[in-house]
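**Student:** Below: one structure in C-alpha cells.
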Amino acid sequence: MPSFCTAFHNGGKSGSWSGQRISRVILAVVVRDTDGNILKAGNNYYILPVMHGVGGGLITARGSGELCPTEVAQAISEVQPGTPLKFIPANPNKDSIIRESTDLNIMFVDPLACVPNAVWRVDTDFIRPEQRTLSSRGLLGRPGPQTINNWFKIQKYQDSYKLVYCPSVCKTCKPACADIGITLSERGRRSLTLNNKPFKVKFKKA
C-alpha cells in the first residue's frame, strides 16, 4: 500500500512561485461537497457512499457486547442519510477550510447521553482483537501521542474521496496507516474498520 503520510515539497524555490500558481495549488487540495462547495469546519455534512445499492449514510450502532451504540457503522437502507457530522482540523484557528490529507477530528453532530463527545476513534474489537474498528468514544482536539487514535484524513480516491487513518499529529509515533472500509458482521451490521478496502464516499451538506 502506498504511503499516506506524504508531505508537499517545492524544492526550496518558494520565492519563485507566482501568486496565481500558489492559488492553484491551494485550490487543488481543498475537499468539496456534492454541490461543488468547499468543506468548512463547523458545517454539518452527511458522509454518503458514492455507489448505489450499498447502504446509506453513517450512524452509530451497538458493537459486540455494548449497551451504548458507539460503533461507527453504515446505515443498511440506501435512503437513510445517516447522522450529520462535523470535521474539525488539528488547528481550527489557523484554517477553517477542510483540505485533503490533513489531520481531522470527525464527530457526530447529535451525540448520545452515553457518549457526550461522539468523536471518532480507532478501537480494537473485543471479539476479534485483530480487527480495528471505529467508535465515537474519542476526544476532541489535543493533538499529540495521547490522542493518536482520534485523527483521520480525507484523500482523493478515483473521482471522489476516501477516509484514511494515518495521523501526523505526533512526530515520534508510528501508527499503522490504513484505508477505512466496510466490514460486514455476523448480524449484518456494516461496521467501519481499518481494512485497506477503501470506502468511496462523498460529502453532502446537511
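**Student:** Within the stretch 103-113, does at least one residue satisfy the condition of being open to solvent by 10 Å² or more (accessible area, probe 1.4 Å), in contact (Cβ under 8 Å) with a residue 40 or more places away in the chain and not in a loop (DSSP other than H, G, I, E, B)?
**Tutor:** Scanning the stretch 103-113, I find at least one residue that is open to solvent by 10 Å² or more (accessible area, probe 1.4 Å), in contact (Cβ under 8 Å) with a residue 40 or more places away in the chain and not in a loop (DSSP other than H, G, I, E, B), so the answer is yes.
**Student:** For the stretch 113-131, does any single residue satisfy the condition of being of a type in the set (S, T, Y), touching a strand residue (DSSP E or B) at 6+ places or on another chain (Cβ under 8 Å) and at pLDDT 95 or above?
**Tutor:** There is no residue in the stretch 113-131 that is of a type in the set (S, T, Y), touching a strand residue (DSSP E or B) at 6+ places or on another chain (Cβ under 8 Å) and at pLDDT 95 or above.
**Student:** What number of residues within the stretch 62-81 satisfy the criterion of being surrounded by fewer than 21 Cβ atoms within 10 Å (Cβ to Cβ) and either in contact with a Pro (Cβ under 9 Å, 6 or more places away or on another chain) or assigned to a strand (DSSP E or B) (or both)?
**Tutor:** Residues in the stretch 62-81 being surrounded by fewer than 21 Cβ atoms within 10 Å (Cβ to Cβ) and either in contact with a Pro (Cβ under 9 Å, 6 or more places away or on another chain) or assigned to a strand (DSSP E or B) (or both): 3 in total.
**Student:** To continue, here is another question. Does at least one position in the stretch 132-147 carry a residue that is touching a Gly at 6+ places or on another chain (Cβ under 8 Å) and of a type outside the set (G, A, S)? Break it down into steps so the answer makes sense when it comes.
**Tutor:** Keep residues of the stretch 132-147 that are touching a Gly at 6+ places or on another chain (Cβ under 8 Å), which gives 133, 135, 147.
Subsequent filtering for residues that are of a type outside the set (G, A, S) retains 133, 147.
Yes, the stretch 132-147 contains at least one residue that is touching a Gly at 6+ places or on another chain (Cβ under 8 Å) and of a type outside the set (G, A, S).
**Student:** Can you spot a residue in the stretch 186-201 that is among the hydroxyl-bearing types (S, T, Y) and over 23 Å from D35 (Cα atoms)? Steps first, please.
**Tutor:** Of the residues in the stretch 186-201, the ones among the hydroxyl-bearing types (S, T, Y) are 191, 193.
Narrowing further to those that are over 23 Å from D35 (Cα atoms): 191, 193.
Yes, because at least one residue in the stretch 186-201 is among the hydroxyl-bearing types (S, T, Y) and over 23 Å from D35 (Cα atoms).
**Student:** Considering only the stretch 17-26, I want to know if a residue exists there that is assigned to a helix (DSSP H, G or I), open to solvent by 30 Å² or more (accessible area, probe 1.4 Å), closer than 24 Å to I88 by Cβ and at pLDDT below 50. First the steps, then the outcome.
**Tutor:** Step one: list which residues in the stretch 17-26 are assigned to a helix (DSSP H, G or I), which gives 19-26.
Next, from what is left, pick out any that are open to solvent by 30 Å² or more (accessible area, probe 1.4 Å): 19-26.
Checking the rest, the ones that are also closer than 24 Å to I88 by Cβ come to 25-26.
Okay, now just the ones that are also at pLDDT below 50, so 25-26.
Looking for residues that are assigned to a helix (DSSP H, G or I), open to solvent by 30 Å² or more (accessible area, probe 1.4 Å), closer than 24 Å to I88 by Cβ and at pLDDT below 50, one finds at least one in the stretch 17-26, hence yes.
The values are calculated or read from the model by the stated rules, or taken from the named source; none is laboratory data. Quick caveat, the model's predicted, so the values are computed rather than measured. Cβ: placed from backbone, ideal geometry, glycine included. Neighbour counts: every protein chain shown. Note: areas computed on protein heavy atoms with side chains; ligands, DNA, RNA excluded. Shrake-Rupley method; radii C 1.70, N 1.55, O 1.52, S 1.80 Å.
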